[in-house]
Number of protein chains: 2
Amino acid sequence: MEQNDHFALSCPIPISQYPHVLLAHGGGGRLMHQLIGKMFLAAFRNPLLETQHDATVVELAGKKLAFTTDSYVVRPLFFPGGDVGSMAVHGTVNDLAMSGARPVYLSAAFIIEEGLPMETLWKVVCSMQQAAQRCGVQIITGDTKVVDKGKGDGVFINTAGIGVVEHDQKIAPQNVRPGDGVLVSGDLGRHGMAIMAVREGLQFESAIESDSAPVQDIVLALLKAGIEIHCLRDLTRGGLASALNEIAEASRVRIGIEEKSIPVREDVHAACEMLGLDPLHVACEGRFIALVAAKDVERALLVMRGQGTGAGSAVIGRVAESSAPLVTLKSAIGVSRILDMPSGEQLPRIC
Amino acid sequence: MEQNDHFALSCPIPISQYPHVLLAHGGGGRLMHQLIGKMFLAAFRNPLLETQHDATVVELAGKKLAFTTDSYVVRPLFFPGGDVGSMAVHGTVNDLAMSGARPVYLSAAFIIEEGLPMETLWKVVCSMQQAAQRCGVQIITGDTKVVDKGKGDGVFINTAGIGVVEHDQKIAPQNVRPGDGVLVSGDLGRHGMAIMAVREGLQFESAIESDSAPVQDIVLALLKAGIEIHCLRDLTRGGLASALNEIAEASRVRIGIEEKSIPVREDVHAACEMLGLDPLHVACEGRFIALVAAKDVERALLVMRGQGTGAGSAVIGRVAESSAPLVTLKSAIGVSRILDMPSGEQLPRIC
């Protein structure tokens, strides 16, 4: 049997250390990056996959298209500010936007657990359709699977997306340069804390609502304004800390950010402290960072703030030369420390 | 909250009859078609989705592309003749081929259950890569989620696919015409019975191996030979009976097939009888039907038989005019009966 050749290759993750897949392997931190790098990239090796971008840009029929996929396994299915259906649209639309693409088409594949109330499924589907309409994308192909009770969890949704790249900029984690400015499109940590508050039954003065939202309009406005964008990355699993470390690694630069410039809401701060979490590690679902050429930083900020969901945008740091990839955080009292990638799973199943 | 408008619409599946999703809603039969038609098509309504083809063909940047998605939840993960990894490639490649597209790119999204042995995941990933190589497609984007133990089942894989349509034929279930010939690309029922044999612990003289295989070469050969193809459909969930009923419905024709022309292996027949199953309802993972213009039937058969995986191809029936959509089966002793769509789930989780 020809498969033997491949099966004979030994597993590239050290089995003695990790005999089984852990929740942390899906958490957006160091373990997930190891799994993706050593297993998936090693097996599927090709230059397009290795760009490791939120969406992969391909030349097809003489045009540039972006292609991406994401599964949504968030729990609970409904939470303040969103649900699994709207997230499944926003998340994939945002991944496309991170390559500067205009999102056009989505697929929708459902893995439903036997026994899911039919009305729950209908609510999710309606929410997806509303989100798709708001984003100007069409769901044009789909799949439905049902698994036995106890072998799934309500409903998992996968959406893959196709977008059209209508610009000539090279937007990728590898293209960040010393001098670039780092901008964030709004306040951090609300999605993760909205989910955790529901799960832990926490009561705050006002409910923390997820920031789940499409960001494509902000990105398209930046492109239209002719901003020289070097990299875009949405701040999902692993949060800001993970995104910055990935970029520093890919471009081999130092990224220095200032704590006092990073927008985090008071109630989110309080909730994070209560749960012992760092807001810079917590996932958003409607926020991204833009790394743009030094000359364009101020203009980029104005453009971002001019878009509805970008009203809370801020410049949070700058890129510098470095002998080794590094992310540093300057605290409110002026002390700098290294901002590491989170190691594992802080908040399971938030997306 | 704007979602209220949509949530106010009542669920289009009668809740009194189906308060919960059943395994049968994913089984490829009548219940699944009702769920897709009344819920998904109703909510996501657009002309592209409504083609209800295995892959949807879009014009993008002046070129025709095919786009499709499928999740693979087969149990067990490894079975005679294949595994979830190779299936996840073949299945999606085949869906693209059913629109006459040349498959080019795949995405790969994993939903892993916490506790899956790392070596099992590696075997699945290696098998995917081998299958992708054999099919000439690249896996260029991916996603990894891990769900808590008891909330998944080993690993579920979603692959979405993009193909290039390089011909001008209109291949769709709606385009079948009276006089068309019906061809099948090989013997039926092996995939479903291979899975069932493992699950039920059945012993046969020789193991029944799944027919899981890519069929794109056969389709591309038909196109190259200039065969006038009206419809292609792969015979997965619901088997031949489901596929023919879908086509008869879409084109409003009668399709008459002859039992004695339909290739089914002796051991598969025997296994089906033992389990009380009809081979015409059992899923394949490497077989399809082609409905071609009357003038091209004999030539199409030669082309199909000339390709490795199409060696067992056969002409099994013909399309006729009808006042209502209908599929009829003429038995070996010459008696005709209506071949209905299977109602629900015969074989859960075979794909």
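The values are calculated or read from the model by the stated rules, or taken from the named source; none is laboratory data. Keep in mind the model is a prediction, meaning the values are calculated, not measured. When we count neighbours, we look across all protein chains shown, and the Cβ atoms used for this are built from the backbone with ideal geometry, even at glycine.
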> Among the candidates B:246, B:273, B:266, which residue alone is under 27 Å from residue B:26 (Cβ atoms) and free of Cβ contacts under 8 Å to residues at least 40 places away in the same chain?
Replying inline: B:273
>> Testing residue A:20 on (1) within 7 Å of chain B (Cβ to nearest Cβ); (2) buried (at least 23 other Cβ atoms within 10 Å of the Cβ), one condition comes back false. Which one is that?
In response: (2)
> Could you list, in sequence order, the residues of the stretch A:42-77 that are of a type in the set (A, V, I, L, M, F, W, C), more than 7 Å from chain B (Cβ to nearest Cβ) and in contact with an Asp or Glu (Cβ under 7 Å, 6 or more places away or on another chain)?
Replying inline: A:77
> If you go through the stretch B:108-124 one residue at a time, how many are part of a helix (DSSP H, G or I) and either more than 22 Å from the chain's Cα centre (by Cα) or in contact (Cβ under 8 Å) with a residue 60 or more places away in the chain (or both)?
Replying inline: 6
>> Quick test for you: out of A:282, A:315, pick the one residue that is in contact with a strand residue (DSSP E or B) (Cβ under 9 Å, 6 or more places away or on another chain) and either in the same structural domain as residue A:243 (by TED's automatic domain parsing) or buried (at least 18 other Cβ atoms within 10 Å of the Cβ) (or both).
In response: A:315
>> Filter the stretch B:285-312 down to the residues that are within 17 Å of residue B:264 (Cα to Cα) and surrounded by 18 or more Cβ atoms within 10 Å (Cβ to Cβ) and list them by number.
In response: B:285, B:286, B:287, B:288, B:289, B:309, B:310
> Just one of the numbered conditions (1) touching a Gly at 6+ places or on another chain (Cβ under 9 Å); (2) more than 24 Å from residue B:152 (Cβ to Cβ); (3) aliphatic (A, V, I, L, M) is not true of residue A:32; which one?
Replying inline: (2)
> Hey, residue A:192 hits all of (1) of a type in the set (Gly, Ala, Ser); (2) assigned to a loop (DSSP other than H, G, I, E, B); (3) crowded, with 24+ Cβ neighbours inside 10 Å but one; which does it fall short on?
Replying inline: (2)
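State yes or no: is residue A:171 over 18 Å from residue B:151 (Cα atoms), of a type in the set (A, V, I, L, M, F, W, C) and more than 10 Å from chain B (Cβ to nearest Cβ)?
yes
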> Counting only residues that are outside any strand (DSSP E or B) and surrounded by fewer than 22 Cβ atoms within 10 Å (Cβ to Cβ), which one in the stretch B:130-152 is nearest to the other protein chains (Cβ to nearest Cβ)?
Replying inline: B:151
>> I'm trying to understand the selection: among the residues of the stretch B:144-185, which are out of contact with any strand residue (DSSP E or B) (no Cβ under 7 Å at 6 or more places or on another chain) and at positive phi?
In response: B:150
> If a residue has to be surrounded by fewer than 16 Cβ atoms within 10 Å (Cβ to Cβ) and either in a helix (DSSP H, G or I) or out of contact with any Asp or Glu (no Cβ under 9 Å at 6 or more places or on another chain) (or both) to count, how many in the stretch A:195-206 make the cut?
Replying inline: 5
> Taking the stretch A:211-251 as the region of interest, how many residues are assigned to a helix (DSSP H, G or I) and acidic (Asp, Glu)?
Replying inline: 3
